[in-house]
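**Student:** Below is a structure I'd like to ask you about.
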Amino acid sequence: MNRYKQRMILTAAAVLVPLTVACGAGKADSGAVSSQQPGPQQPSSQQPTSRQSRQPMSRQPVTGVDWRVDSLTVGGRTRSAPAAARLRIDADGRAAGNLGCNRFSARATVQGDRITLGGLRTTRMACTPDRMEFERALAGALTTGTLVARADDGSLTLTDGNGDLIRLSRHALG
């Protein structure tokens, strides 16, 4: 892909992502996640909402965790991720990882169970055609717009507006 085409794609993404985020103002019911940011605790005298009283809330951190990408489902087709595929989102708005072949970095915004990645930058190594195809699909799913996150027992599922799924699990470093 030539540089002009890349710049045009990035420019279009930079314009369309904020518009998509602004249009996606509806609240999704996908479970509780947190950005693990320090802040004041809720006073214990505050009454839970009716939704909170109906189901126990287990707030799983999304940021500050090294996530291994397990699989990607795009257009109904599920693919296993290459072993190198990783994602980490930090509370300061930085995201980084590996798309399966190339490393990447991006800006991240986490608001409740909504995650938006933008400004994706990658290295430019060539890999096998299968890994490159997975990488393109993962990059597309991560940057297509706002992702809805659901974290449970060491796993994370990110769902984009098209219903495509990225399944991740905690990566044990060591």
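Each reported figure results from applying straightforward, stated rules to the coordinates on display, with no laboratory input. Remember, it's a predicted structure, so these values are computed and weren't measured experimentally. A quick note on method: Cβ atoms are made from the backbone with ideal geometry, for glycine too, and the neighbour counts reach across all protein chains shown.
**Student:** Around residue 105, with a cut-off of 13 angstrom between Cβ atoms, what is the net charge of the other residues, counting Lys and Arg +1 and Asp and Glu -1? Write out the running numbers ahead of the final one.
**Tutor:** Working: positive: 86, 88, 94, 103, 107, 121; negative: 90, 92.
After counting each charged neighbour, the total is +4.
**Student:** Taking the Cα-to-Cβ direction at residue 170 and at residue 124 and moving 7 Å from each Cα, how far apart do the two end points lie in nm?
**Tutor:** Placing both labels 7 Å beyond Cα along the Cβ direction yields 3.9 nm.
**Student:** Right, next: Let's test the formula: R0 of 30 Å, r as the Cβ-Cβ distance of residue 90 and residue 136. What FRET efficiency results, to the nearest 0.05?
**Tutor:** Numbers: r = 25 Å, r/R0 = 0.83.
Here the calculated transfer efficiency is 0.75.
**Student:** Below 13 angstrom from the Cβ of residue 145, what's the summed charge of the other residues (Lys, Arg +1; Asp, Glu -1)? Write down the numbers at each step before the final one.
**Tutor:** Working: positive: 114; negative: 160, 164.
Neighbourhood net charge equals -1.
**Student:** Let me ask something else about it. Express in whole angstrom the spacing between the alpha-carbon centres of segment 114-168 and segment 69-88.
**Tutor:** 8 Å
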